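A.B. asks: Pasting a structure below so you can have a look.
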Amino acid sequence: MTAPSPAAVDALAAALPPGSWTRDPFEIAPSLKEWRNRWTGETPLLLLPRSTEETAQMVRLCGELGVALTPQGGNTGLVGGQIPHGEVLISTRRMRAVRDVAPLDDAMVVEAGVTLLEAQQAAAGADRLFPLSLAAEGTATIGGVISTNAGGTAVLRYGMMRDLVLGLEAVLPNGEIFHGLKRLRKDNTGYDLKQLLIGAEGTLGIVTAASLKLF
Ligand SMILES: Cc1cc2nc3c(=O)[nH]c(=O)nc-3n(C[C@H](O)[C@H](O)[C@H](O)COP(=O)(O)OP(=O)(O)OC[C@H]3O[C@@H](n4cnc5c(N)ncnc54)[C@H](O)[C@@H]3O)c2cc1C
């Protein structure tokens, strides 16, 4: 991936609210290392959006300035897709809200930076099960397990992450927000666009929230 020009990175940082990004190498360092030490990356800037709207603003500006982006959740991925090689890094770590748990619908809406464990706990708090489980669940995020289409230990009973997502909210490469947080079980309307984003490793957009199936 081509690293952005220093001028473009300066312009990006200047256009964003203070506190929504960092250039501090010590703060950035843990995000550049894959946990088994297989890949070490580099980035000129770490973006830390707090909301979907802030993510959209960042993505739109990156598009206008020709700056490539790598999304990162919990940085537990095993194939290095979350490690930037010169691109600007955008982390979902501040997007941690459980927006809604609806036991009567057997559904909940959580933001992308919620860990898998936190999502399971939110479901359990409403006497429901969110069945995806894997050893990295204390750190892996909902955005990450969606973007890698994770399977986990209960995959044969409950399916892949692809089968557990009822709806998605995402920021598309032009900065537009895809509002698709549906809860319908029987949804026969048109194309199932969310399925393109699931397993896409951030190549088609940044997942900001998901509506998940509970049992
Ligand atoms: C100990 C261990 C056990 C595991 N066991 C299993 C298992 O049993 N089954 C299984 O299927 N997998 C397993 N995995 C892999 C696991 O699925 C991934 O590590 C996890 O899904 C990545 O989540 P993350 O939040 O850490 O994402 P990251 O590692 O940060 O990112 C992973 C990819 O998703 C992209 N991405 C992250 N967040 C977003 C977002 N919000 N929007 C768009 N793109 C995004 C990144 O760019 C990258 O390409 C295991 C991993 C570990 C470390």
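A.B. asks: Rounded to the nearest 500 deg cm²/dmol, what is the calculated helix-only ellipticity per residue at 222 nm for the chain, with -39500 (n - 2.57) per DSSP H run of length n ≥ 4?
C.D. replies: It lands at -6500 deg cm²/dmol.
A.B. asks: Take every DSSP beta bridge with both residues inside the chain and express the antiparallel ones as a percent of the total, to the nearest 5.
C.D. replies: Close to 75 percent.
A.B. asks: What are the DSSP H helices in the chain that stretch 18 Å or more along their long axis, judged by alpha-carbon atoms, and whose average Kyte-Doolittle hydropathy comes to at least -0.5?
C.D. replies: TM-like helix candidates: 52-65.
A.B. asks: With point charges of +1 on the Cβ of Lys and Arg and -1 on the Cβ of Asp and Glu, referenced to the Cα centre of segment 6-91, which listed residue (THR70, TRP35, TRP21) lies farthest in the positive direction of the dipole?
C.D. replies: TRP35
A.B. asks: Tell me the GluC sites (Glu not before Pro) within segment 136-176 that lie in a loop according to DSSP and have at most 14 other beta-carbon atoms within 10 Å.
C.D. replies: Answer in residue order: GLU176.
A.B. asks: Can I ask one more? May I ask which residue of SER5, GLN120, GLY81 lies farthest towards the positive end of the charge dipole of the chain, with charges of +1 (Lys, Arg) and -1 (Asp, Glu) on Cβ and the Cα centre as origin?
C.D. replies: Selected residue: GLN120.
A short reminder: the numbers here are calculations on the coordinates, not readings from a lab. Quantities reported herein were computed from a predicted structural model and do not represent experimental measurements. Here Cβ is always computed from backbone atoms with ideal geometry, including for glycine, and neighbour counts include all displayed protein chains.
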